[in-house]
1. Could you check the simple spin-label distance between B:Leu24 and A:Ser25, using points 7 Å along Cα→Cβ, in nm with one decimal?
2. Averaged over peptide A:150-161, how many Cβ atoms belonging to another chain are found within 10 Å of each residue's Cβ?
3. Among the aspartates and glutamates, which fall within straight-line cross-link reach of A:Lys217, defined as a Cα-Cα distance under 17 Å, with same-chain neighbours fewer than 8 residues apart omitted?
4. State the extension gain, in nm to one decimal, for the chain segment bounded by B:Tyr57 and B:Leu203, taking 0.36 nm per residue of separation less the distance between their alpha-carbons.
5. Can you work out the Karplus-derived ³J(HN,Hα) for every residue in region A:123-138? Use 6.51 cos²θ - 1.76 cosθ + 1.60 with θ = phi - 60°, whole Hz, and x for glycine or proline.
6. Could you work out the longest stretch of chain B that avoids the GluC sites (Glu not before Pro) located in DSSP loops with at most 15 other Cβ atoms within 10 Å?
7. Calculate log10 I(q)/I(0) of chain A for q = 0.07, 0.15 Å⁻¹, where I(q) comes from the Debye formula with a single equal point scatterer on each Cα and nothing for solvent.
8. Check which residues have an amide H placed less than 5 Å from A:Ala30's amide H, if you skip close sequence neighbours.
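Read the figures in this text as sums done on the coordinates, not as results from a lab. Not measured: the values here are computed from a predicted model. Note: ideal-geometry Cβ built from the backbone for every residue, glycine included; neighbour counts use all protein chains shown.
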Amino acid sequence: MREPLLRIIDLGRRVGAAWIWRGVSFDVAAGERLALAGPTGSGKTLLLRAIAGLDPVDEGRVELEGREAEGGEAPAFRARVAYLHQRPALWRGTVAENLEAPFSLKANAGKRFDLDRAAALLERLGRKAPFLEARASNLSGGEAQLVALVRALLVEPGILLLDEPTASLDRASASWAEALLTEWVEAAPGRASIWTSHDPDQLARVAGRRIDLEGWKP
Amino acid sequence: MEAVTHEYLRLDTMHVALSALLLLVNVVLSWLLRLGLGARLVVAAARMTVQLVLIGYVLDWIFALERPLEVVILAFVMATLASVAAVGRTSRRFAGVYFDSLVSVLGASFLVTGIALVGIIEVRPWWDAHYLVPLLGMVLGNALTGISLSVDRFVEGLEDRRDGIEARLALGATSWEAALEEIRGAMRVGMIPTLNSMAVMGLVSLPGMMTGQILAGAAPGEAVRYQIVIMFMIASATALGMLGMVLLAFRTVFDRGHRLRLDRVRMPMDWIAWTRRRLPWSRHSG
């Protein structure tokens, strides 16, 4: 059997003495679109953050292609396993500057910012070229979410951890984003995504497999 | 015409007590405008008086001893108190903050004061308390302001812009890359008081040390030269101390896994408010 792309092994996180989730174990294969389900407060965001290594865990580990990322390798790991925040945070400057900024990071050295590709991706999401020159601070929550999504796609990670990526989008933009993300996983080998969403219909549309976090509540 | 003497007028306890009446302005204003500063003012004024009287006795004793060991011990005590005061002025605390502050304050102030004593003013012996104590005191008093401002701004900046910083980390930024803008902002903010005071010095404000020397009978030109040296010492010690403190704070609020660890930051205890809430006549007690 082929090695899974990403392995979550016995992950556990607690607050004080109480476990939020414990023993979380699953594999993500290349080409897979996984849905992470669970009611509000079940710790979906915390699990995605833990997978991305943005929060410490109390137990367990995460392996990418059979290797656990040591502390110092976290940036390289995150350049491949990118977490997209539910509350999109854009930096100062224009949309284009936001999209280009990650390319100045050491972990993305060797990748080149492609303005045409950025414009094409935004167009897929219903935003025409002048949008690139808009000030990030003037965008609505939904527009910011689109920019954050395109920003993550442009640096070409292998795995996208999507935390309610369409929560602030209108219905049309949400369906464009769904289509774009589904295509993105299939467009190249070695890609995968993990979605969280409150909308079971959406999870059924975008994901091939569903995991329920309730199963790991001690 | 009366001749100008260089003997200064001596102040006794009565003069000092009279000047304390000036503080009534603050107390009355605080009461009229409901500023709630009355207790803090009285505590601060009493504390300042006690501290100054004590240091007066300590200096008398040390000047009379003329031994390096006691001077160096006093210097360490001064730096330690300054480092505690620097932390006291911050609105955020984190694990090891007192140690970090001590390392930054001590390192920066001793280095700069040492260079000034040995290499610039050429004091012989280098530990002569008449020079070492006031120079170090000036450097410490000013550097601690810069240090507390900068570390406060750094941690607050991380809190305020947490989402943006984590968005950088999530796309592969190292903790240094993610924090660099906040480090720069903190260094800028910490230098502002020094830059401001340099800008107006001599025009709007006559600095304390220069005023003191003039009152004690030094020629103004001489006092000015000392003041200029002191300002350059303050500027460099502040910058070094801030850099040390912010870098040490950076090591705490980010971990080895390039994670932002704001769970290591907490708010300090406000002892005056805490005591006030527990006073029998307080509306909040009970």
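1. The two pseudo-label positions are separated by 8.0 nm.
2. Numbers: counts 0, 2, 3, 0, 1, 2, 0, 3, 0, 0, 0, 1.
Across A:150-161, the average partner-chain Cβ count within 10 Å equals 1.
3. Within the straight-line cut-off, A:Lys217 pairs with A:Asp10, A:Asp58, A:Glu59.
4. Numbers: separation 146, 0.36 × 146 = 52.56 nm, distance 3.45 nm.
Gain on stretching B:Tyr57 to B:Leu203: 49.1 nm.
5. Per-residue couplings from phi come out as 5, 4, 9, x, 10, 7, 3, x, 4, 4, 8, 5, 6, 4, 6, 8 Hz.
6. On the way: sites that count: B:Glu2, B:Glu7, B:Glu66, B:Glu122.
The answer is B:123-286.
7. Debye curve over Cα of chain A, log10 I(q)/I(0) at q = 0.07, 0.15 Å⁻¹: -0.21, -0.99.
8. Counting only residues 5 or more places away or on other chains, the set is A:Leu5.
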